[in-house]
Amino acid sequence: MIVLGLGGMVGHDPAAALVVDGRVVAAAEEERFLRDKHAKGKQAECAAQFCLQFAGLKPAAVQVVAIPFAPVSIFSPARWHFAARHWYAPDRAFTALFNGNRRFRRNVRNVLAALDRLGVDRHKIQFIPVEHHLAHASSAYHLSGYEQAAILSVDGVGEYCTTWFGHGRGGDIHPLKEFFAPDSLGGCYGAITEYLGFEMLDGEFKVMGMAPYGDARRIDVSPLIQWNERGFRVNTRLVNCIGWRRHKRVGRGGELKGTYFSPKLIEQWGPVRVGDEIDDPYVHIAAAVQQQLEDILMALTRHFLGRHIARTKRLCYAGGVALNVKANQRLIQMMGPGHELFVQPAASDAGTALGAATYAAHQLGDRIQPMAHAYLGPEYSPDEIEAVLRKREIRYERCASITDTASELLAKGEVVAWFQGRMEFGPRALGNRSILGNPASRGVADRINAQIKYRERWRPFCPSLLDTVAPDVLQTTHPSPYMTFTFDVADHWKPRIPEVVHEDGTARPQIVTAQSNPRYYELLKKFEARTGIGVLLNTSLNRRGEPMVCSPDDALNMFFGSDLQNLALGDFLVRK
C-alpha cells in the first residue's frame, strides 16, 4: 500500500510523509523547501513532491492520502465542552455547536486543491481523515517498535482535544481519556511564551531554556490552572482566552494582534518582557510555569496510564508538548529503572504526517515497521554538490577524508558546519545538518550564538555522544537517539565538556551509534582519538528565525551570511 500523509492541518508546520508497505520511505517539512519557518498557511506540496521523487513514484501511484484532522460529531463531548467553556464569547460557542467542523472542511478543500496541483487524482485515491491526537499517538506508538505500550499525546489543540491518554496492543490503539479546549496544558504554556516575549508555537523551547535560570518559588502561577490527578481546568480569565478577554498589541506589520493571555495577567505580573536578556521576574515566571507543567503532567500520567506503564514498561509520547525535554526527564524518572520512554523526534504537528500515514496504513492491513532513524529528507550526491560549488564559483577542497579534516579543525577549537547525507525530519539536527564545536573549548557556545546563529546568548547547546561514552557521561543506559530528553551530566564530565552542560547541570543528548549514522560516528571517533573526548557540541545549521538548511545552496547562503569559517559539504571543504 502506498500512503501519502500530509500533516500540519491547523495552519502551521505542514509536512509530508510517504509510507510504502508499512515502511516510512521519506518525510520532510515544507518550511525547509520554502525557506519560511513553520510555513504558516501553506500546504506540504514541495515536501510531498520530494517524497514521491525520492521513492521513484509518480503521483498516480498514490493509493491513499491521510490527513491528521477529522470531523467531530455533535454528539461528542468535545464540542459541548468547548461551547460551555467559551460561553462568555457566544459567537465561538454557537459556532462550535452548529458549525463545529468548519476547520475540517476548510482543511479538506485546501488539501484536495494541493493534490490537484501535485497531479494526484482525488477520484482514484482513498482519502482518510485521522483524528489529530490519534495521528500523534500513531506517530509515536506505531514507529516505536513496541508491541505493547502506554501512549500519551499533549499539544495546544487538535480538532478540540488537547490532552490524550491511551494504550497500544498488537498494533491497535485504544483511547482512555481526553481533555478538550480551552483546557490545554500546551495552550497555557504557549500563552506564557507570548507573555515572555516569544512567538507562540515557536518560542516554547526558549521558555524551557530560560527556566533553569529562575527560582520557581518566587512566582505563584497557581491561578493559571486548577488541577488534581484526575483533571485540570485552565483559568480563561488569564490565559487560553479568546475575543475581548485577550490582550491586544501591535504586530510587526503594524496590525493589532490578540494574544492568548489577558490584560489581567499584566496587572498581576507587570509588563510583557521585551528584548533578548533574561532577568527578574521573567526567569522566575519561566521556572514556575515549567514546574507547573511538569507537576500536572506527572500526576495525570500516573493516574491515567500508571497501570499500563507498570504492565508494559513502555510509554510512547508525541504532540508539541512532547518536545519539552525537561518534562520528559521527569517522566523517565517517574517510570523508574527498566522502563523506556519513546518520544517521536518529529513530535510537533509536522509529525502528524507520519502519524496519519501510519495509522491509515495499519487500518488497511499493513504492518508498520519501526522507525530506525530520522534521516528521511533529501540528500545530495558528490556530483550535485560539486556542480553547485562550481556554478557559484566557490573555492573548495575535495578531501580524501572529510572526517579526518573536520576532526582536526574541531580539535583545534574551530567551528565546522557539517552538511552530510539525508536531512533530518523534525526540529533537531542529528549530525547531517549541524553546526559542530569542541565542547571543551571555553567560549565556543557564546561565539556560535553571537556570531553564527545570531540568537540569545543564554541559549544552550546539545551534545552528540558516542554510544561507548554515553553511559558514563549521562549516568544512564536509557536510549536517546533524537535529543528528546535531558539527563544529569556526571560530575566528573562537567568540567570536561562545559559548553554542552546547561545551567541546571543537565544536557539534551544525541547518542550516536555506528548503525544510526556511520559518517557522523566516524567523525566522533576521530575527534575522540585526537582529544580523548567522544562528545561534540551539536546545533542545527540555521540562523535565528530561519528553518534548518536543506540543500547545498541553503548551506552556502548561511555560510556566507554568518561568521562561519568552515563548511563541510559532503566530501568538500569550503573555508573563508
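Distance from the Cα centroid of region 19-83 to that of region 260-307 is 32 Å (rounded to whole angstrom). With 0.36 nm allotted per residue and the present C-alpha distance subtracted, the residue 369-residue 563 stretch has 65.6 nm of extension available.
Express as a percent, rounded to the nearest 5, the fraction of DSSP beta bridges in region 382-575 (both residues included) that run antiparallel.
75 percent
Among 417, 14, 256, which residue has its Cα positioned farthest towards the positive end of the charge dipole of the chain, with +1 placed on the Cβ of Lys and Arg, -1 on the Cβ of Asp and Glu, and the dipole taken about the Cα centre? Highest projection toward the positive end goes to 256. Taking chymotrypsin sites (Phe, Trp or Tyr not before Pro) in DSSP loop conformation with at most 12 other Cβ atoms inside 10 Å as exposed sites, the chain has its longest uninterrupted site-free stretch at 88-576.
What is the diffusion coefficient of the chain in µm²/s, taking the Kirkwood radius over Cα pairs and the Stokes-Einstein relation at 37 °C with a viscosity of 0.692 mPa s? Estimated diffusion coefficient is 135 µm²/s. The length gained by stretching the chain between residue 447 and residue 23 to full extension, at 0.36 nm per residue less their Cα-Cα distance, is 148.5 nm. Taking all C-alpha pairs of region 411-486, those more than 20 Å from each other amount to 40 percent.
Given 0.36 nm per residue, what is the gain on full extension from residue 199 to residue 454 after removing their alpha carbon distance, in nm?
Fully extending the segment from residue 199 to residue 454 adds 90.1 nm.
Taking all C-alpha pairs of region 185-341, those more than 22 Å from each other amount to 43 percent. For region 200-292, a/c is not less than 1.5, where a ≥ b ≥ c are the root eigenvalues of the C-alpha gyration tensor, and a/b does not top b/c. That puts it in the oblate class. With both residues required to sit in the chain, DSSP beta bridges show an antiparallel share near 75%. Sequentially through region 555-569, phi angles give Karplus couplings (6.51, -1.76, 1.60; θ = phi - 60°) of 5, 5, 4, 5, 4, 7, x, 8, 8, 4, 10, 9, 10, 9, 9 Hz, Gly and Pro residues having no value and appearing as x. Over the chain, dividing the summed -39,500 (n - 2.57) contributions of all DSSP H runs of at least 4 residues by the number of residues returns a 222 nm mean residue ellipticity of -10000 deg cm²/dmol. Looking at region 307-393, the GluC sites (Glu not before Pro) that sit in a DSSP loop and have at most 12 other Cβ atoms within 10 Å of their own Cβ are 393. Applying 1/(1 + (r/R0)^6) with r as the Cβ-Cβ distance of residue 55 and residue 515 and R0 = 35 angstrom yields a FRET efficiency of 0.95. Taking the Cα atoms of region 382-575, the ratio Rg/Rh between the radius of gyration and the Kirkwood radius comes to 0.95.
Neighbours of residue 468, meaning other residues whose beta-carbon lies under 13 angstrom from its beta-carbon, give a summed charge of -2 when Lys and Arg score +1 and Asp and Glu score -1. Sites listed here are trypsin sites (Lys or Arg not before Pro) in region 66-125 whose DSSP assignment is loop and whose Cβ has at most 12 other Cβ atoms within 10 Å: 122, 124.
With each label point set 7 Å from Cα along the Cα-Cβ vector, what nm distance links residue 87 and residue 491? Roughly 5.8 nm, to one decimal. A Förster radius of 22 Å combined with the Cβ-Cβ distance from residue 280 to residue 246 puts the calculated FRET efficiency at roughly 0.25. Between the listed residues 214, 331, 234, the Cα displaced farthest toward the positive end of the dipole of the chain, a dipole computed from Cβ unit charges relative to the Cα centre, is found at 234. For the pair region 496-532 and region 397-419, the centres of their Cα atoms are 15 angstrom apart.
Since every read-out is calculated from the coordinates, none of them should be taken as a lab result. In this text, all values refer to a predicted model and were calculated from it rather than measured experimentally. All Cβ positions, glycine included, derive from the backbone under ideal geometry; neighbour counts span all protein chains shown.
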